[in-house]
1. In bins 10 Å wide, starting from 0, what share of all Cα pairs of the range B:27-126 does each bin hold, as a percent?
2. What is the helix-to-structure angle for A:10-25, meaning the angle in degrees between its Cα long axis and the longest Cα principal axis of chain A, kept from 0 to 90 and rounded to the nearest 10?
3. Helix-derived [θ] at 222 nm for chain A: sum -39500 (n - 2.57) over DSSP H runs of at least 4, divide by residue count, nearest 500?
4. Given a cut-off of 25 Å, what percent of all Cα-Cα pairs of the protein assembly as shown lie beyond it?
5. Would you give the gap between the C-alpha center of the range A:151-193 and the C-alpha center of the range B:80-99, rounded to a whole Å?
6. Can you give the relative contact order of the range B:21-154 as a percent, counting alpha carbon pairs under 8 Å and 6+ residues apart?
7. Using only alpha carbon pairs under 8 Å that are at least six residues apart, calculate the relative contact order of the range A:139-221 and give it in whole percent.
8. Quick one: grab the alpha carbon gyration tensor of the range A:107-168, order the square roots of its eigenvalues as a ≥ b ≥ c, and give me rounded if a/c is under 1.5, else prolate or oblate depending on whether a/b is larger than b/c.
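Please treat every number below as a calculation from the coordinates, not as lab data. Keep in mind that this is a model prediction, so the values were computed, not measured.
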C-alpha cells in the first residue's frame, strides 16, 4: 500500500486545483475588527448664572446657553467718596452651587457679592500641542456715565475664593482696561472660583452712574 | 497484567472528561461570518466634564454576531478563549455579555479570556455578544482598530 507516493491522477489534480481556487474565492477569517474613534472635544464656561438640564455634570446633566449678563455694583456713600476705602460690590447673581455636582461653592452672593466663574476644557489625547485653554477677561478702558465722565476700569478689583479651596484657582486681581489673561486651563481639567468685586474708591469722581462690561472668554486651541 | 494496567490508565484518562492536558495545542478559530453591528464605534466621555475627581473614561458599545467554525474539533474537549490584540498605547478594556452559549467576561489589550470549556458539540457556534469598551480618553487620541480573535485549546 504505497498509493500515497504515486503522482496524483488528472482528476485529483483537477480537484486540488478547484480546492485551491475555492480557497482564493472564499478566504477564511481568523478575527474581527471593531473600530473606535476618540471622545469629542468640548469647552464650557459659566460666569454668574448658568443653565443645566437633567441634573449636574456628575449625574449626566448637560449645560445650555444662558444669555443672562449679571451685574456687580456699588453705591458709594457721599462721605466716603474718594477716601481710598474700598467699597465691596454686590451682585444680582444668585449662584452658590457648582454645576459639577451642585455643592455650595460660593458664599451667599447677596452678602458677599461673589460671582461664580467656572468651566472645563475636554480634549482627547496627550500629544504635544493644544494642551491648554486660556481664560481671559476683556474690559473697556473706563466705566462711563451719561455725561461722558469716566472711571478707569482698573479701579475695580476682585478677591477670588471657593469653599473648600485652600488656594483659589483663578487668582485675585484687578481689571486692566483691555484684555488680560486670568488662567491657563490644562487639557481635561475643571476650574472654578468665586470672584468678589470691589471698587477701589481712590479718587474723587463726578456724580452719576458709571457702567462698563467685563467679558470673560475661554479659548481652546 | 500489563495490558490490564494500560486499560485502567486509558479508562482513567477518559474519566477526566473535558480536562485538557497542559501540552494542549492551540489554534486560531475560523470566524468567517462574524460581523459587528457598526464599523466604527464613537467613544463617549463617561462624564461630559472632567470634574474635580478627574474622570477621563471614554466608553462605547457595539454588538457582534459571532460564528465560530469548530468543525475540526467536533466531539473533542476544548477550551475557547477570546483575545484582544495589544492596543495602540492604551490599556483598553473590553467587557461582554452573551446569550449564554459563551461565557461573559473581560479582556484587556494583549490578553485573552476563557469563553467556553467543554466538549464541542456543533460544527458552528453562533452567539450574539454586546461589547462594552472603556479606556482612558486622554490616551485615545486617534481612531484605531481593535483586533479580536478566538483561540481553541485541544489535546493533541
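1. Per 10 Å bin, starting at zero, the Cα-Cα P(r) for the range B:27-126 comes out as 13, 39, 30, 13, 5, 1 percent.
2. It is inclined by approximately 10 degrees.
3. Values: 2 runs with 20 residues, N = 221.
Rounded to the nearest 500, it is -2500 deg cm²/dmol.
4. Working: 49094 of 70876 pairs.
So the portion of pairs separated by more than 25 Å is 69 percent.
5. Here the two parts' Cα centres lie 45 Å apart.
6. Values: 304 pairs, mean separation 46.6, N = 134.
This gives 35 percent for the range B:21-154.
7. Numbers: 129 pairs, mean separation 33.0, N = 83.
Answer for the range A:139-221 is 40 percent.
8. Values: a/c = 3.39, a/b = 1.54, b/c = 2.20.
Oblate, since a/c reaches 1.5 and b/c is not below a/b.
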